[in-house]
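Chemist: Mind looking over this structure? Questions follow.
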Amino acid sequence: MKLNLKRPLAFFDLEATGINIGVDRIVEIAILKAMPDGSEVILTKRINPEMPIPLVTSLIHGIYDEDIKNEPTFGAVAKEIAAFIADADLAGYNSNKFDIPMLLEEFLRVGVDFDMSDRKFVDVQNIFHQMEQRTLKAAYKFYCEKDIINAHSAEADIKATYEVLLAQLDKYQDVEFEDKQGNKSKPVQNDVDLLHNFTNMNKVVDFAGRMVYNEKGEETINFGKHKGKTVEQVFDAEPSYYAWMKQGDFPLYTKKKLEEIWLRWNKKKEAQKAERQSQAPKTEPTIAKPQQKEKPAQPINNDMLEQLKMKFGK
C-alpha cells in the first residue's frame with residue numbers, strides 16, 4: 001500500500017544516552033522520509049553526545065563511547081537535520097512521548113527553534129496500543145509476520161515502524177473503534193490528519209505531558225498540586241509558579257510553551273487593566289485657591305497688650 005500523503009512524512013527513531021529528556025543526549029538518529037510520490041529518502045547520523053553513555057544503555061542499543069567519540073556533535077548537524085524534515089510531518093514509534101520531545105530539546109539546546117505549528121505527528125505505537133496493545137517487536141511479528149533484524153538499531157527500528165504502519169492501514173481500514181466515551185469510528189485510515197487525531201488523543205501541549213489541552217482547548221497543568229487547573233488559573237492564583245517551573249528541571253520545550261502562555265497571560269492582564277482605567281469615572285480637576293498673602297509682622301502696641309490681658313486674664 002502507498003501512503004496517501006499531502007506532504008512528506010518523516011519516520012524517525014533516536015538512540016540516546018538514556019530516557020531523561022532534560023538530561024540525556026542523542027547518540028544516533030535515523031530518518032525515513034516517505035514522499036507523496038511514493039519514494040523514500042533515508043538520513044542516518046551517529047552523534048557524539050559529549051557525555052558518557054551508561055553501560056546499561058549501551059547494552060540495549062549496542063552503541064558505546066568508543067563508537068561515537070569521533071562523530072560530530074548534535075550542534076554540528078542540527079541545521080542539516082532540521083532542513084531535512086522542515087517540510088515534513090513526523091512519525092515514529094512512541095515518538096510523541098520520547099523521540100519528538102528529545103529532538104526538540106536538542107534543537108533548543110543548540111539554538112535551533114524548530115517550528116512545530118501546523119505540523120502533524122503520527123505515533124504508530126498509539127495505534128498499536130489502542131488496537132492491540134503490544135511492543136514494536138511483537139507488532140512487527142503480528143502485523144508483518146517477520147522478526148526485526150538488528151533490533152534496537154535506529155535504522156532497523158524505523159524501517160520496521162514504517163512497515164507496521166502500512167500493515168495497520170491494511171488491517172484496520174474498515175475496523176470500528178469505540179473510545180471511552182462510547183463514540184464509534186473507523187480512525188485508522190490512509191490519511192495523516194486522521195492518524196494524527198487518533199494517535200494524539202491526550203492532546204499534549206509540550207510533548208513531555210507536563211501540560212495538556214482540556215476539552216475547551218485550554219492549556220492545563222498535568223502534574224503536581226495544580227493538576228487539572230488551567231495554566232492561566234494557576235498564574236492568577238500563584239504567579240510565582242511560573243518562575244518555579246522556569247527554574248526547575250523541566251524540558252526546554254516545556255519551558256518554551258510555558259513562556260508563550262505567560263506572555264499571552266500578561267498581555268491579557270495589561271489589556272484588562274487598560275480597559276478598567278478607561279471605564280473609571282472621570283473627576284473634575286481641582287482648582288487651587290489663590291493663597292492669601294501673609295500680613296507683615298506689626299510692632300507691639302498698647303492695643304495689642306490690652307487684648308492679651310483680656311484673653312489670658314492678666
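Chemist: Considering only strands (runs of 3 or more DSSP E) fully contained in region 1-74, which possess at least 2 residues that are among the acidic types (Asp, Glu)? Let's see the steps before the verdict.
Modeler: Values: elements: 9-16, 26-34, 40-46.
Hits in region 1-74: 9-16.
Chemist: Among all residue pairs at least 6 apart or on different chains, which show Cβ distances below 6 Å where the first residue, located in region 248-261, is not assigned by TED's automatic domain parsing to the domain that holds Ser117 and the second is assigned to a helix (DSSP H, G or I) and among the basic types (Lys, Arg)?
Modeler: Lys255/Lys246
Chemist: Is it the case, given these coordinates, that Lys171 is assigned by TED's automatic domain parsing to the domain that holds Ile26, farther than 29 Å from Ile26 by Cα, over 20 Å from the mean Cα position of the chain (by Cα) and in a helix (DSSP H, G or I)?
Modeler: Values: assigned by TED's automatic domain parsing to the domain that holds Ile26: yes; farther than 29 Å from Ile26 by Cα: yes; over 20 Å from the mean Cα position of the chain (by Cα): yes; in a helix (DSSP H, G or I): yes.
Answer is yes for this residue.
Chemist: Between Ala91, Ala82, Ala86, Ala76, which is over 30 Å from Phe198 (Cβ atoms) and within 26 Å of the chain's Cα centre (by Cα)?
Modeler: The conditions single out Ala76.
Chemist: For the subset of region 124-142 comprising residues that are assigned to a helix (DSSP H, G or I) and within 26 Å of the chain's Cα centre (by Cα), which member is farthest from Gly92 (Cα to Cα)?
Modeler: First, pick out the residues of region 124-142 that are assigned to a helix (DSSP H, G or I): 124-131, 136-142.
Filter once more, so that each one left must be within 26 Å of the chain's Cα centre (by Cα): 124-130, 136.
Working: Val124: 6, Gln125: 8, Asn126: 10, Ile127: 11, Phe128: 12, His129: 14, Gln130: 16, Leu136: 11 Å.
It comes out as Gln130.
Chemist: Another one. Can you tell me which residue among Ala91, Ala82 is within 28 Å of Leu5 (Cα to Cα), in contact with a Ser or Thr (Cβ under 9 Å, 6 or more places away or on another chain) and small (Gly, Ala, Ser)? Break it down stepwise before answering.
Modeler: Working: Ala82 fails: in contact with a Ser or Thr (Cβ under 9 Å, 6 or more places away or on another chain).
None of the others qualify; the one that does is Ala91.
Chemist: Still on this structure, please answer the following. So, in region 198-240, of the ones that are among the aromatic types (Phe, Trp, Tyr) and modelled with pLDDT under 95, which residue ends up surrounded by the most Cβ atoms within 10 Å (Cβ to Cβ)? Talk me through it step by step, then tell me what you get.
Modeler: First, the residues of region 198-240 that are among the aromatic types (Phe, Trp, Tyr): 198, 207, 213, 223, 235.
This time we only want the ones that are modelled with pLDDT under 95, so: 198, 207, 213, 223.
On the way: Phe198: 22, Phe207: 25, Tyr213: 16, Phe223: 12.
Result: Phe207.
Chemist: Here is a further query. Of the residues Ala160, Ala156, Ala208, which is closer than 23 Å to Pro101 by Cα and in a loop (DSSP other than H, G, I, E, B)? Break it down into steps so the answer makes sense when it comes.
Modeler: Values: Ala160 fails: in a loop (DSSP other than H, G, I, E, B); Ala156 fails: in a loop (DSSP other than H, G, I, E, B).
It is Ala208.
The values are calculated or read from the model by the stated rules, or taken from the named source; none is laboratory data. Computed from a predicted model, the values in this text were never measured in an experiment. Positions of Cβ are generated from backbone atoms using ideal geometry, with glycine treated the same way; all protein chains shown enter the neighbour counts.
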